[in-house]
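Working notes, beginning with the structure itself.
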Amino acid sequence: MPTGVSFHGDRQDTEAAGWRHLLALIEEAAEDGRTVFKPFAELSGSERRQIVTLPPTIAKLTAVEHLVLYGTNLVRLPPEIAGMTSLEVFEPYTSYRLHWYPYELTRCARLADSTVSTRALYGNFKFRPPFPALRPVADVRETDLGALDPGVWGADTIRNCSVCDRPIDHELRQVWISHRIGTDVLPLLVNACSAACVAALPEPHGGYVPTPHTGGPDIVQPGSRRPGQQL
Ligand SMILES: [Zn+2]
């Protein structure tokens, strides 16, 4: 039996020096309108290790065309990355704890080139590691979307639907979909507000689980495609 996996449960320490430094670098980049942003190159090693996500203020980086996130300790990216509307080149290469991406990345319409460490990705075609199990439907009256356990939900806060961008106000439906972003097929986490928004998702990329799914060890993935291996 394949074993289950779960999200990294790390919470961002927003008092850490590295986090404050990152916030300042984002403000600086937003002000000078630079097109290449490599924030982790400007942080010390200990500051880099303190950062497990990016702040929502990355949405201000509307001029950035090239985002470099080499060798970070990141475990998740926030949906606000959708605000980086000029993004063309995305390089989270060797960020080995980044196993999935937010569906909102599909809104970066100019994104054409990416460099991702394939073996780190849930469901990647080389090793087909399992996806964390998701709860198919959560009642918002019983679940505080502002105080979630990131080890269970992949975020500590979920506000808007990944598909229609409206506030999630009665139910949350989480699904995985493998979709091409730039030059890679990435496992994307969808936080949908309704069954209609799940139904509106595009067809998953060929060679991956053919429908949006809720992960867990029982999901059957297509065979891996290592050279010389029978499917
Ligand atoms: Zn929706």
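The values are calculated or read from the model by the stated rules, or taken from the named source; none is laboratory data. This structure is a prediction, so every number in the text was calculated from the model and none was measured. Here the Cβ is made from the backbone with ideal geometry for all residues, glycine too, and neighbour counts use every protein chain on show.
What tally of residues in the stretch 140-151 results from selecting those that are within 16 Å of L98 (Cα to Cα) and surrounded by 16 or more Cβ atoms within 10 Å (Cβ to Cβ)? So that I can check it myself, show each step before the final result.
Looking only at the stretch 140-151, we keep the residues that are within 16 Å of L98 (Cα to Cα), and these are 150-151.
Those left that are additionally surrounded by 16 or more Cβ atoms within 10 Å (Cβ to Cβ): 150.
Number of matching residues: 1.
Among (1) over 15 Å from Y122 (Cα atoms); (2) away from the ligand (no atom under 16 Å from the Cβ), which single condition is W176 missing?
That leaves (1) as the condition not met.
Among the residues of the stretch 82-102, how many are surrounded by fewer than 22 Cβ atoms within 10 Å (Cβ to Cβ) and more than 21 Å from V5 (Cβ to Cβ)?
8
Would you please name the residue that is nearest to T214 (Cα to Cα), looking only at residues in the stretch 104-131 that are assigned to a loop (DSSP other than H, G, I, E, B) and charged (D, E, K, R)? Show your work before the answer.
Our first condition is that a residue be assigned to a loop (DSSP other than H, G, I, E, B); within the stretch 104-131, this holds for 108-112, 115-117, 121-131.
Pick out the ones that are also charged (D, E, K, R) and you get 110, 126, 128.
Working: R110: 28, K126: 21, R128: 15 Å.
If we take residues in the stretch 104-131 being assigned to a loop (DSSP other than H, G, I, E, B) and charged (D, E, K, R), then R128 is nearest to T214 (Cα to Cα).
For the stretch 143-170, which residues satisfy the criterion of being in contact with a Phe, Trp or Tyr (Cβ under 8 Å, 6 or more places away or on another chain), within 16 Å of the ligand (Cβ to nearest atom) and under 18 Å from F131 (Cβ atoms)?
First, pick out the residues of the stretch 143-170 that are in contact with a Phe, Trp or Tyr (Cβ under 8 Å, 6 or more places away or on another chain): 150-154, 162-163.
Checking the rest, the ones that are also within 16 Å of the ligand (Cβ to nearest atom) come to 162-163.
Hit for the stretch 143-170 is S162, nothing else.
Hey, can you tell me all the residues within the stretch 41-71 that are touching a His at 6+ places or on another chain (Cβ under 8 Å), of a type in the set (A, V, I, L, M, F, W, C) and free of Cβ contacts under 8 Å to residues at least 40 places away in the same chain?
Answer for the stretch 41-71, where residues must be touching a His at 6+ places or on another chain (Cβ under 8 Å), of a type in the set (A, V, I, L, M, F, W, C) and free of Cβ contacts under 8 Å to residues at least 40 places away in the same chain: just L43.
Check whether at least one residue in the stretch 151-167 is modelled with pLDDT of 95 or more, under 25 Å from F40 (Cα atoms), basic (K, R) and part of a loop (DSSP other than H, G, I, E, B), and report yes or no.
no
Kindly provide the set of residues from the stretch 1-30 that are within 25 Å of L188 (Cβ to Cβ) and not in a helix (DSSP H, G or I), ordered by number.
P2, T3, G4, V5, S6, F7, H8, G9, D10, R11, Q12
Let me spell it out: the conditions are (1) within 21 Å of D10 (Cβ to Cβ); (2) in contact (Cβ under 8 Å) with a residue 24 or more places away in the chain, and G146 meets all of them except one. Which number is the exception?
For G146, the failing item is (2).
Given the condition without any contact (Cβ under 8 Å) to a residue 60 or more places away in the chain, within 26 Å of T62 (Cα to Cα), more than 16 Å from the ligand (Cβ to nearest atom) and not in a loop (DSSP other than H, G, I, E, B), answer yes or no: does some residue in the stretch 91-103 qualify? If you could, list the steps in order and put the result at the bottom.
Kept after step one, since they are without any contact (Cβ under 8 Å) to a residue 60 or more places away in the chain, are these residues of the stretch 91-103: 91-96, 98.
The next check asks that each one be within 26 Å of T62 (Cα to Cα); those that pass are 91-95, 98.
When the remaining residues are screened for being more than 16 Å from the ligand (Cβ to nearest atom), the result is 91-95, 98.
Cutting the leftovers down to not in a loop (DSSP other than H, G, I, E, B) gives us 91.
Yes - at least one qualifying residue is present in the stretch 91-103.
Kindly provide the set of residues from the stretch 31-49 that are more than 19 Å from the chain's Cα centre (by Cα), within 24 Å of D156 (Cβ to Cβ) and not in a loop (DSSP other than H, G, I, E, B), ordered by number. Lay out the reasoning, then the answer.
Restricting attention to the stretch 31-49, the residues satisfying the condition of being more than 19 Å from the chain's Cα centre (by Cα) are 31-36, 41-47.
Still in the running and within 24 Å of D156 (Cβ to Cβ): 43, 46-47.
Matches in the stretch 31-49: S46, E47.
Step by step: first the residues of the stretch 180-209, then only those that are among the polar types (S, T, N, Q) and touching a residue at least 60 places away in the same chain (Cβ under 8 Å), then the one that is nearest to the ligand (Cβ to nearest atom). Which residue is that?
Here is the first cut: in the stretch 180-209, the residues among the polar types (S, T, N, Q) are 183, 191, 194.
If we keep only those that are touching a residue at least 60 places away in the same chain (Cβ under 8 Å) as well, we get 183, 191.
Details: T183: 28, N191: 9 Å.
Among those residues, the one meeting the criterion is N191.
Kindly indicate which of V198, V190 is aliphatic (A, V, I, L, M), out of contact with any Phe, Trp or Tyr (no Cβ under 9 Å at 6 or more places or on another chain) and surrounded by 13 or more Cβ atoms within 10 Å (Cβ to Cβ). Spell out how you get there, then give the answer.
Details: V190 fails: out of contact with any Phe, Trp or Tyr (no Cβ under 9 Å at 6 or more places or on another chain).
Being aliphatic (A, V, I, L, M), out of contact with any Phe, Trp or Tyr (no Cβ under 9 Å at 6 or more places or on another chain) and surrounded by 13 or more Cβ atoms within 10 Å (Cβ to Cβ) holds for just one of V198, V190, which is V198.
Conditions tested, residue by residue: (1) more than 26 Å from L201 (Cα to Cα); (2) surrounded by fewer than 18 Cβ atoms within 10 Å (Cβ to Cβ); (3) not hydroxyl-bearing (S, T, Y).
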site: A30; (1), (2), (3): yes, no, yes
site: P55; (1), (2), (3): yes, yes, yes
site: L69; (1), (2), (3): yes, no, yes
site: R76; (1), (2), (3): no, no, yes
site: E104; (1), (2), (3): no, no, yes
site: L111; (1), (2), (3): no, no, yes
